[in-house]
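A.B. asks: Let me give you the structure first, and then I'll get to my questions.
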Amino acid sequence: MNTIFLFGMPSGMEWFIIGIFVLVFFGARKIPEFARGLGKGIREFKDAVKDVKKEVDDAGKEVPKIDDK
């Protein structure tokens, strides 16, 4: 089954082409710097997701009391 890049995960050959493009476009010296920045961005995104999930869980635990009068 062929994978269409725009609508699914790239196949092995597409990853290879992307890797060659990145190598040519950025150069060998910029790739580690780019990878560090990408890793830092992913880590910050995961931390933000955890924070939002914690806030939602905490908000769900705080049930306001309703006085029946």
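A.B. asks: Sort Asp51, Asp58 from largest to smallest accessible area, using a 1.4 Å probe on the heavy atoms of the protein chains.
C.D. replies: Details: Asp51 90, Asp58 55 Å².
Sorted descending by solvent-accessible area, the residues read Asp51, Asp58.
A.B. asks: Now, a different point. Please list, by residue number, every one of the GluC sites (Glu not before Pro) in the range 31-62 that is coil in DSSP and has at most 12 other beta-carbon atoms within 10 Å. Could you put the intermediate results ahead of the total?
C.D. replies: On the way: sites: Glu33, Glu44, Glu55, Glu62; in loops: Glu62.
Sites meeting the loop and neighbour criteria: Glu62.
A.B. asks: Provide the per-residue ³J(HN,Hα) series for the range 27-42, in order, calculated from phi with Karplus coefficients 6.51, -1.76, 1.60 and θ = phi - 60°, each as a whole number of Hz, with x at glycine and proline positions.
C.D. replies: 3J(HN,Hα) across the range 27-42, in whole Hz: x, 5, 6, 7, 4, x, 5, 4, 5, 4, x, 5, x, 5, x, 5.
A.B. asks: Are there any trypsin sites (Lys or Arg not before Pro) in the range 15-59 that are in a DSSP loop and have at most 16 other Cβ atoms within 10 Å? List them by number.
C.D. replies: Values: sites: Arg29, Lys30, Arg36, Lys40, Arg43, Lys46, Lys50, Lys53, Lys54; in loops: Arg29.
Here the sparse-neighbourhood loop sites are Arg29.
The values are calculated or read from the model by the stated rules, or taken from the named source; none is laboratory data. Source: prediction; values computed, not measured. For neighbour counting, all protein chains shown are included, and Cβ atoms are generated from backbone atoms with ideal geometry for every residue, glycine included. Keep in mind that these areas ignore ligands, DNA and RNA; they rest on the heavy atoms of the full protein, side chains included. Shrake-Rupley method; radii C 1.70, N 1.55, O 1.52, S 1.80 Å.
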